[in-house]
1. With an 8 Å Cα cut-off and a minimum separation of 6 or more residues, compute the relative contact order for region 120-322 in percent.
2. Given the Cα-Cα distance of LYS44 and GLU190 and 0.36 nm per residue of separation, how much length would full extension add, in nm?
3. Please state the charge dipole magnitude for region 3-80, taken about the Cα centre, from unit charges on C-beta atoms (+1 on K and R, -1 on D and E), reported in debye and rounded to the nearest 20.
4. Quote the charge dipole size of the chain about the Cα centre in Debye, to the nearest 20; the model charges only the Cβ of Lys and Arg (+1) and of Asp and Glu (-1).
5. Arrange the following residues from fewest to most other Cβ atoms within 10 Å of their Cβ: SER471, SER185, SER789.
6. Which FRET efficiency, nearest 0.05, do ASP745 and ILE641 yield, Cβ-Cβ r, R0 51 Å?
7. Take the alpha carbon gyration tensor of the chain, find the square roots of its eigenvalues, order them as a ≥ b ≥ c, and report rounded if a/c is under 1.5; if not, report prolate when a/b exceeds b/c, else oblate.
8. Loop-only GluC sites (Glu not before Pro) in region 302-383, please: DSSP not H, G, I, E or B, and at most 15 other Cβ atoms within 10 Å.
Amino acid sequence: MTNWHDRAIARCRKALLAATAPADRLALMRSLVRLRDGRIDLNKEGLPLSEVELELLPRFGLALSGNKDALRMRRPAEAVGGLDQALKLDTRNRQTFEPASADGVLLRLTPHSHYQSEAQKAAVRALLTQPPGSGLMVSMPTGSGKSLLFQLAALHGRVEAKGACAIVITPTIALALDHARTLHSMAGLEASEALTGDTPAIETQAIVDAFRRGEVPILLLSPEKALGPGLMASLAEAARPDSVLFGLDARLTHLFVDEAHIIESWGRSFRPDFQRLPGLLAQLRSINPAVRAVLLSATLPPAARAVLRASWRFEGQWLEVDARMPRYEHDVVIGSYDLPPARNRALDELVDQIPRPAIIYTTEVDEAAQLHRRLTSEQGYKRTALFTGNTPPHLRKRIVEDWAADRYDLVVATSAFGMGIDKSDVRAIVHACLPESPARWYQEIGRASRDGGQGLAACMFVRGQRDSDISQAFGLATTGWLTRDLAEGRWKALVATATNKRWEGGFQRLTLKLNAVREGLARRETDYNRGWNMTLLTLMQRAGVIQVHAVTATGDQAGSTWDVEILVPGILNATDPSAWDMVFEIREQERSEARNMLAPFVSLMLNPGHACLTRSVFELIEPQAFAPPCGRCPSCRADGIEPPRLLHCAGMEKAWDNATDWSGMLPGGLLLVKPQDSAFGRGLETLLNRLSRAGVEQVIVPEALTLASAEVLAARGGPGFVLSCDRLTAQTAIAGVPTALLLPDSSALAAFLISRLRDFSDNWPGLPMIVVAEPDRLIAGRRLDQTISMSAPLMEDVLDALACPKAKAA
């Protein structure tokens, strides 16, 4: 049995001790019976059954054995086609990507012994070599360790500067609280804090003051909080590169945006402040041009990727690291129904059968509330929570904490819950709706099976003409766009009531009142009216005709004003249609892209047996990626397709084009060093220490030496990058830092690696690129001391005399 399976059994037993309601107990018993291969001994497990529970056994697909001392699973009526097959126990670890060897920095600053994947290793390498003032965009599967990036940014930064810190923008309060809970348990990051709109004023001020003093390594913020006028001054203080008086020692190095893909969708109409975040980066860089931006996401559809590039690239360097790897841990079942009552009956049956813990997603808040009432009042579940955008602040934190502590087995939620929340043992995700995009479905099923174990992903939607989930999905995907007449009318009203008109830097600036009401509407100040005005202004910003610089109140509060810069003067000229042509060209493009992304997703969900569903959805989201069939969806099960044994993970082909500035004593270019121990055995530690002291920050070593090399380099400063000779391909990039290659025994591999190192040296002629091998070794019929460099080979002990001053001190 695999570790996830053992932990799942222990979790079920623990939850059963706490559960009191018959429905909760029997749902957990069904999970336990399934995990025990279909049968449990009630006496041995210490699980007596009450009379009520005995009567309810058939509902949960359970029955007593002949002696009535054991509980066995029987096959209930299938709530959705293929469910019985999907629920067959598979105890294997389903993560089909290989872990990657550790770097010295990973071993030194974290408890991890390896990276989860090559993509995570590549992303960390890109982060730690990121040039000042640049942007990095990282796309890796849900649960693959994106949070490690901002954790390492703060930890590594504080080695260099006492008050180094990072800002992390999170889309939901639940995610901010979950990140904070995780960080509080990590050495060196315990003082990290989350600031949300629900944080009391006194607590907010205390956190802000601690942040200004440099005591908070990671500050988690919502977009609205980050852009609020009360906080911007403190963020600006932290960004200053020079010393600040009175012990305000914060040194802001990075601005992270977590779940960055939602900037495009949520920022379009639902949360316009998401699309003003590049303005925050611009303000921080006006104070300190070195501030780095890092965007993190599990899914980056083409439309979202284009918006992020256009908005965040600025003038600095830009790099994208993409895993291009699907998640195939889930057994997928799809059910479509003509009417809501039929779907609801099937859903109730499904909830009784699915393994715990589980999340049920709906689209609308009211739908979630109704489902939660039905499950608690009619179905008898008590260890169940409701989490939506309407959940009161005090309950949000408690639900996140109780969910993490296994006090709930089931959460009914909208998308407000779960994004990025790191509960690794969720076993089932149910959609009682049709998500409005393939990215949302893929993101939300990714809440399950983060531990690599078996998971279930069920989608149950209404396809009929009445109350159709399909119509709702198209409505959500394609709304949020104003017609041209209404947009021009709203803009006219905004300009007419504008104040503080002035010219700055050659551009006109206006302060716009969000309460402005277009002609034809009742003159009332409403959230609805302000929301449409924000939607218009963010659309105009995406079209490049205006730039939103600042707001004077959070969100859409009464009295809110937005300060904007006019980039295309024609937008102020009612007789010039060209500026509005620009705006509505963008509007039509976005609307078309949303529809074009949703239509094939709906077709897949209506016809789940026609093609591999999980692969097809992944390729909609990542059109440049290629994936084999998943082996676990309705189509794959029908065709008898087995899951892939191994999935290729991309990422290592990406690195920054630039090299670090080198001022050490080692000469630039290819060098040959003769080792004292040519077998790299007992002499490995001495060799690596000498190379490190001479300024080498990256080593390429035989696979068998990767862990030992990382352990040696972990004791020293710097990143201590370690690459495997055996995994370095023609596409693999290396970081532009001083590098040493410990030549492997294979002559063919050695010749290839020397060729690659020569290519890197040609790109960065000022950097030392060292080959560590016997000078008289023959490669392609020629001695190394005749081919590696023009200078004579160096003896290993000569490296001591070439040590960098900083490295000598270390």
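1. In percent, rounded to a whole number, it is 32.
2. Going from the current span to full extension adds 48.4 nm.
3. 260
4. For this selection, approximately 720 debye.
5. In increasing order of surrounding Cβ atoms, one gets SER185, SER471, SER789.
6. 0.80
7. It is oblate, given that a/c is not under 1.5 and a/b is not larger than b/c.
8. Taking region 302-383 and a limit of 15 other Cβ atoms within 10 Å, the loop GluC sites (Glu not before Pro) found are GLU315, GLU364.
Any read-out appearing in this document is the output of simple, stated calculations on the displayed coordinates, not a laboratory observation. Just so it is clear, the structure is predicted and the values come from calculations on it, not from any experiment. Backbone-built Cβ (ideal geometry, glycine too); neighbour counts: all protein chains shown.
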